[in-house]
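Please read the structure below before turning to the comments.
What follows is calculated from the coordinates using simple rules that are stated; it is not laboratory data. This is a predicted model, so every value here is computed, not measured.
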Amino acid sequence: MTAQVSYDDVKPGLELAPVSYPVTRLSLVKYCGASGDFNFIHWNERIARSVGLPNVIAHGMFTMAQAGRYVTDWAGAGAALVELGVRFSSPVVVPDDDIGATIEVSGVVEEKTDGNRVVLALTAKSGEAKVLTRARAVVRLP
């Protein structure tokens, strides 16, 4: 369990430690069931390749969810994620379950605002590719 982050302890420019999230075909199939999005490109290599993709790709919202998870894990249980916005810039390619893929999320505190709110700039990468751009979260801290 993560310690609670306090508004008073956070300063603009604070860099948050990166966290890596594994992505497997199994996690994508589970996400298909949770989201109701069973598009073949998320679990069937043959079809993903037939439409020009290098292999199966993660759902964009799965990738965004990892960014949200990163923020809520950092902020702690007493905080509230008020806003989360991203642009999808590159897919997370999942070659197979032996290799899988990794989404690495990091962040920096951009500013503190009224109402105990903190603005975070987020970075999400898979390998060398930035998979999210303009990723920004607003968190209300105790």
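Details
- For segment 1-63 versus segment 89-142, the gap between their alpha-carbon centres in whole angstrom: 10 Å
- Value of relative contact order over the chain, rounded to a whole percent, pairs C-alpha under 8 Å and six or more apart: 31 percent
- Taking the longest Cα principal axis of the chain as reference, the axis of helix 60-75 is set at about 30 degrees.
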